[in-house]
1. Rounded to the nearest 0.05, what FRET efficiency do LYS119 and GLN51 give with R0 = 30 Å and r taken as the Cβ-Cβ distance? Could you check?
2. If R0 is 22 Å, what FRET efficiency do you get for GLU28 and ASP90 from their C-beta distance, rounded to 0.05?
3. Cβ under 10 Å from LEU48's Cβ, LEU48 left aside: what net charge do those residues give with Lys, Arg +1 and Asp, Glu -1?
4. Could you give the length gained by full extension between LEU72 and THR161, i.e. 0.36 nm per residue of separation minus their alpha carbon distance, to one decimal place?
5. Each label point is 7 Å from the Cα along the Cα-to-Cβ direction; what then is the distance between the points at LYS103 and THR4, in nm?
6. Net charge near PHE117, counting Lys/Arg +1 and Asp/Glu -1 over other residues with Cβ under 11 Å of its Cβ?
Amino acid sequence: MEFTAGSRVDHPKYGEGIVSKVNITSYEIFFERAGKMEISKSFSDMSLLEQGQETAEGISSGLSLYEIEKVLSFVLDKYGAIQENTPIADKWKGGSIILQPAKHELKPKEIPIEVFFHKIVMLRDRLRVLEQNINSHPVLSEEDKINLQAYITRIYGSLTTFNVLFNDKDHYFKGTSGS
């Protein structure tokens, strides 16, 4: 089955999504849970929920470009797919982390600090998405949500050591004492 831009689809792994672009061999789809994905047209396990009405401009009729952007921004932000710019503190730019084994005959490992920082930011962003998914989960009890949230807060507390890397205190990890 061919999908058009604006079609709502259901993927067995990624859930509901909206087709944003139709390529020669694939679809570009924004999924609520997984963000932007490119899915091959040969993938047959995806089902159509609502056919989009594509116009000559490639935009689903009935919605303006502004309205589509607003909806996509809301969905992507809600599920953590829009990442804010998180700058590293100036003093660390161009630096590196050296992991020196206790046995000096073993070679140390050097990692550019920007690479390490990017992984820390991705970890923080994924924890935020996990929090959102827990808080909006339809089956978990309130007690389960509170217990899982407390565990995530303790994880944040374990990561406060890395706050020295952030340029802005608004981006810091905060544990129980910081909440």
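Values in this text are rule-based calculations from the coordinates and carry no lab data. What you see is a predicted model; the values in this text were computed from it and never measured. Neighbour counts are summed over all protein chains in view; Cβ atoms, including those assigned to glycine, are modelled from backbone coordinates with ideal geometry.
1. On the way: r = 41 Å, r/R0 = 1.36.
Efficiency computed from Cβ-Cβ geometry: 0.15.
2. 0.05
3. That sum, taken over residues with Cβ under 10 Å, equals -2.
4. 28.6 nm
5. Going by the 7 Å Cα→Cβ label model, 6.6 nm.
6. Working: positive: LYS93, LYS119, ARG124; negative: GLU114.
Once all neighbours under 11 Å are counted, the net charge is +2.
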